[in-house]
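Here is the structure we will look at, set down as structure tokens.
The values are calculated or read from the model by the stated rules, or taken from the named source; none is laboratory data. Small disclaimer: the values here were computed from a predicted structure and weren't measured. When we count neighbours, we look across all protein chains shown, and the Cβ atoms used for this are built from the backbone with ideal geometry, even at glycine. Quick note on the areas: whole protein, heavy atoms, side chains included, nothing else; ligands and nucleic acids left out. Shrake-Rupley method; radii C 1.70, N 1.55, O 1.52, S 1.80 Å.
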Amino acid sequence: MLPLDADLERRALDLFERLSERPGDETFRRRLLTGEGPEVAARIAALERSAAGARRAMPTEFAAERRPHRPPPEEVGRFRLTELIGEGGMGQVWKGQRSDGLFEQSGAGKLVHGHLAGLAAGRFAEERRILARLEHPNIARLIDGGVLEDGSPFLVMEYVDGRPLDAAAEGLGDGAKVELFLKAADAVQFAHAHLVVHADLKPSNIMVDRTGRVRLLDFGIARLLGDEAEGLQPMTRDYASPQRLEGAAPVVADDIYALGLILDELTTGSRDRDLKAVAAKARAADPARRYGDVGALIADLGRWRDQLPVAARAADGVGYRAGLFLRRHRWGVA
């Protein structure tokens, strides 16, 4: 049974990750787990059983064998590649410029490493199918896609000249951080309304451009609700819910969990109890304790912005509500 304490869950996941980096090192294990309670030890054991049994959960930065990467082609589709802007275990992302002369346009070309082409082909096709459903001002658009001469797939996405959400939020006040977060949450809610679960929400997949516009990126491991999940279920472990880590297929509640973690990280250092309560409810280890949908999370942040009682603190009673009333109407009360 999963623990309901989110801090305990995060502690167990952190220790599990560190132990996974040094398999078989019993001295390191004993030293690392000294002083940890039985609940943490039991949760780590459950995670290790799950990892050893199914091997279905793996990070989006695939832990595949490292091989020399072949040089990228000069062009993909209608775009000439100009600059490497990202690289992971599965492939590369290149900035490109439209080369057919019809008009000027920048794009971000996603290429897969050659030895993973067979694995990626189906996912690229699924990403094209999903993005065709999603026209939203805060979701990066699909521009082009196809197959290279060697048979490996490619996608060209809208290029976002900006910074990841966490970097863009540095130095901002709580209100400004929440406004950026709400734009990303609205894009996630739109995807859910179109039966799409993102399944890999994290700050690096939420970009803020130079004008302050937020873009949700990388639906490469998203899935349509109701589709049967087959084969490998990649993820970014740091933002994956306990249920995903145990091998479950992604659902709406997993995106809500990731949003809760992102909100909690954005507001690190904040003394606002209501804001922390909203993040804690979204990232609760038990899905039944999370918000029922992203709309409910957005609504609670709207109440926070208006200095109204948040649903995440509904159990705090009359004193909590009275305190907020006094803050809203301090001059009238005086």
Cβ-defined net charge surrounding Asn138, 14 Å radius [Lys, Arg +1; Asp, Glu -1]: -2
Cβ-based net charge around Ala169, under 11 Å, with every Lys or Arg adding one and every Asp or Glu removing one: -3
Listed pairs Lys202/Lys281; Lys110/Lys276; Lys202/Lys276; Lys183/Lys276 exceeding 27 Å between Cα atoms: Lys110/Lys276
Estimated distance in nm for a label pair at Ala311 and Ala125, the labels positioned 7 Å out from Cα along Cα-to-Cβ: 3.9
Among 23-33, 184-194, the order from most to least packed when residues are scored by Cβ within 10 Å on average: 184-194, 23-33
Highest average packing first - 76-86, 141-151, Cβ atoms within 10 Å: 76-86, 141-151
Carbon/sulfur fraction of accessible area - the range 128-179, other protein chains in place, 1.4 Å, %: 45
